[in-house]
Amino acid sequence: MTLTPPTEPQRIVFANEKGGTGKSTTAVHVAVALAYQGARVAAIDLDTRQATMHRYCENRAETRARRGIDLPGPSCTVFEGSTVEELEALVERVGQGMDFVIFDTPGRDDPFARHVATQADTLVTPMNDSFVDFDLIGQVDAETFKVRRLSFYAELIWEARLKRSRAAIGGQRRQMDWVVVRNRTGHSDARNQRRLDQALGELSKRVGFRVAQGLSERVVYRELFPSGLTLLDKGHLGELGTSHLVARQELRSLVAHLALRIPQVAPELQLQTEKAA
């Protein structure tokens with residue numbers, strides 16, 4: 001889908017107060033996917049301790065220079081300020097001329113992560129297929145697995161979405177789209193998946209998020225990190241096995257499900273990016 005780009009870049013926030021959900025890996029691959037479609041993408045890493053997304057982008061830049069190849073991707077920086085005002089100033093600076101600003105947040109409760117989550121145009125919450133992860137957004141009954149109550153995080157996003165909906169009606173802001181992405185589903189048994197399906201379906205109707213299938217647990221994601229390459233870098237990965245091709249299709253399906261507003265690009269650039277992908 002191509003639309004006239006808005007005056008401000010779209011904010012995509014990858015947030016989950018729990019680590020180990022594939023948040024940074026998903027964020028990097030979505031950023032690269034958008035760049036391959038001709039979008040101008042900036043990324044801000046809010047996790048100053050791990051800085052996984054920033055390190056991934058550094059590795060990608062080194063591979064680009066070492067091999068002398070074109071690797072579309074985001075311009076990435078780490079936020080090292082101490083106030084929300086400083087963060088917003090950074091967003092304004094790096095977002096100049098960009099179509100998207102992508103935020104990767106730490107896997108813990110963090111005031112800056114909370115701020116960008118409430119300001120997101122698209123909030124992406126990756127989770128593993130586990131009730132340990134589900135507890136981040138809602139608590140279930142131990143016997144029936146029915147949702148008993150929302151979590152603090154879900155209530156925070158619910159209130160933010162209400163405010164954004166009012167602002168959107170007035171034409172001041174876009175409405176927030178909240179997408180819960182189910183990563184690593186291959187490690188869940190059938191009964192557990194059915195119970196999670198039920199709980200997510202119930203909670204999504206109550207809170208208003210969408211559910212998308214994410215990335216399966218695959219060694220290739222860990223192997224690609226040192227080079228900064230992604231599954232979309234066709235022609236630079238060597239010979240791909242069947243599992244890699246399936247993983248690439250998973251990624252493309254996820255990006256399509258996010259339903260992001262891709263800006264229209266020049267025909268010659270679109271042709272180049274299509275060939276590269």
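Summary of values
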quantity	calculated
Matching residues in segment 15-50 - criterion: being part of a loop (DSSP other than H, G, I, E, B), farther than 25 Å from GLY81 by Cβ and β-branched (Val, Ile, Thr)	THR21
Strands (runs of 3 or more DSSP E) completely within segment 95-207 that count 3 or more residues being loosely packed, with under 14 Cβ neighbours inside 10 Å and modelled with pLDDT of 90 or more	none
Any pair with Cβ under 8 angstrom, 6 or more apart, that starts in segment 60-78 at a residue that is in contact (Cβ under 8 Å) with a residue 60 or more places away in the chain and surrounded by 15 or more Cβ atoms within 10 Å (Cβ to Cβ) and ends at one that is among the β-branched types (Val, Ile, Thr) and part of a loop (DSSP other than H, G, I, E, B)	THR63/ILE69
Every residue from segment 118-165 that is closer than 25 Å to GLU217 by Cα and within 18 Å of the chain's Cα centre (by Cα)	THR122, LEU123, VAL124, THR125, PRO126, MET127, ASN128, ASP129, ASP133, PHE134, LEU136, ILE137
Lone unmet requirement of (1) farther than 22 Å from ARG222 by Cα; (2) buried (at least 22 other Cβ atoms within 10 Å of the Cβ) for GLU88	(2)
Condition check for ARG248: closer than 19 Å to GLN37 by Cα and in contact (Cβ under 8 Å) with a residue 12 or more places away in the chain	yes
Those residues of segment 82-94 which are farther than 23 Å from TYR153 by Cα and either modelled with pLDDT under 95 or of a type in the set (Asp, Glu) (or both), in sequence order	GLU86, GLU92
Residues satisfying the stated conditions in segment 51-77, i.e. part of a loop (DSSP other than H, G, I, E, B), in contact with a Cys (Cβ under 9 Å, 6 or more places away or on another chain) and not small (Gly, Ala, Ser)	PRO74
Residue in segment 21-39 that is closer than 13 Å to PRO126 by Cα and at pLDDT below 90 present	yes
Check on GLU80, charged (D, E, K, R) and under 28 Å from SER253 (Cβ atoms)	no
Exclusive hit being among the hydrophobic types (A, V, I, L, M, F, W, C), touching a Gly at 6+ places or on another chain (Cβ under 6 Å) and at negative phi, set VAL101, VAL132	VAL101
Total residues in segment 216-250, condition within 23 Å of ALA61 (Cβ to Cβ), under 20 Å from the mean Cα position of the chain (by Cα) and part of a loop (DSSP other than H, G, I, E, B)	6
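The values are calculated or read from the model by the stated rules, or taken from the named source; none is laboratory data. Worth saying up front: this structure is predicted, and the values here are computed from it rather than measured. All Cβ positions, glycine included, derive from the backbone under ideal geometry; neighbour counts span all protein chains shown.
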